[in-house]
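Student: What follows is a structure written as structure tokens; I'll ask about it next.
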Amino acid sequence: HLLTPASGTMFHHWRSDEGQGNAYSAPNAPEGAVIDYFLKSEIKATPAQKKEHESPVKISIEDAHGNPVATDYGPSEAGVNRFVWNLRYEGATRLKYEKMPEVTPYFNPNQGPFVVPGTYRISVTVNGETQTREAAVAPDPNLNIAPAVFEAQTKTGLEARNATSAVNEMINRIDLIEKGINDFASIVRQSDDKQLETRSKPLIEQGKELSKKLTV
């Protein structure tokens, strides 16, 4: 059961004591829209989900026009679970061989730009069943920022994200082709079939030439 999500406010605030060591500091509220949902029992992730760093609870965010904003995965414990959407678009496509650097409260290299204040649809899918609710995203009431500024900032951020995704997707494809070329050559070398080696030689040479062009 998906509860009605709490509204998210794009606060620009200090974090706890900001390293000042104040004895009476307290944690800030969650930074984003709070999504709570109830599961009757715990749901274990499948091996495939674990491999992809996913959970059985898929959380999808769309804007008011139904355009995708972000997809993430929440906890799947028995009882009430909580996931906090950070009010951002999904990050750029990652390089397949890239090792994800450590994510801290101050640094996350794989997140997209902030959304524009407005109404968003939050869908939670579990075992093929989806429930959807709406959540409002409001600007920081302490700052006087025109809506056009938010829109321009998000537009520029999405353009940069999409350009990065295009480059990374191309590199991923090149890497996959290179792997295929090398794997084929390795299989032929390890084979005892001399005829296979003879027939495959022209194809292996073509693969080497293609590899040179891809890595120039």
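Student: Restricting things to Cα coordinates, could you compute the convex hull volume per residue of region 26-96 in Å³?
Tutor: Output value, Cα hull per residue: 141 Å³.
Student: Still on this structure, I have one more. Hey, what angle do you get for helix 147-190 against the long axis of the chain, alpha-carbon based, 0 to 90 degrees rounded to 10?
Tutor: Helix 147-190 sits at roughly 30 degrees to that axis.
Student: Could you let me know the centre-to-centre spacing of region 147-216 and region 20-89, using Cα atoms, in angstrom?
Tutor: 33 Å
Student: For the chain, please report how many Lys pairs fall under 15 Å Cα to Cα, leaving out neighbours fewer than 8 apart on the same chain.
Tutor: 8
Student: How much accessible area does residue 158 have with a 1.4 Å probe, in Å² rounded to the nearest 10?
Tutor: About 40 Å², rounded to the nearest 10.
Student: Counting only protein heavy atoms and using a 1.4 Å probe, what share of the accessible area of the chain belongs to carbon plus sulfur, as a whole percent?
Tutor: C and S fraction of accessible area: 54 percent.
Student: Something else about it: Rounded to whole Å and sorted largest first, list the principal axis extents of the Cα atoms in the chain.
Tutor: 75, 44, 43
Student: Give the angle, between 0 and 90 degrees and rounded to the nearest 10, that separates the Cα long axis of helix 194-214 from the longest principal axis of the Cα atoms of the chain.
Tutor: In the chain, helix 194-214 runs at an angle near 50 degrees to the longest axis.
Student: Using a probe radius of 1.4 Å on heavy atoms only, what accessible surface per residue do you get for the chain? Whole Å² is fine.
Tutor: Averaged over the residues of the chain, the accessible area is 68 Å².
Student: Between 46, 71, 119, where does the largest GNM mean-square fluctuation fall for the chain, given springs only between Cα atoms within less than 10 Å?
Tutor: Comparing 46, 71, 119 in the GNM, the peak value goes to 46.
Student: Please identify, among 33, 152, 135, the residue showing maximal mean-square fluctuation in a Gaussian network model of the chain using a 10 angstrom Cα cutoff.
Tutor: In this elastic network of the chain, the residue with the biggest mean-square fluctuation among 33, 152, 135 is 152.
The values are calculated or read from the model by the stated rules, or taken from the named source; none is laboratory data. None of these values were measured; they are calculated from a predicted model. These accessible areas exclude ligands, DNA and RNA; they are computed on the full protein's heavy atoms, side chains included. Shrake-Rupley method; radii C 1.70, N 1.55, O 1.52, S 1.80 Å.
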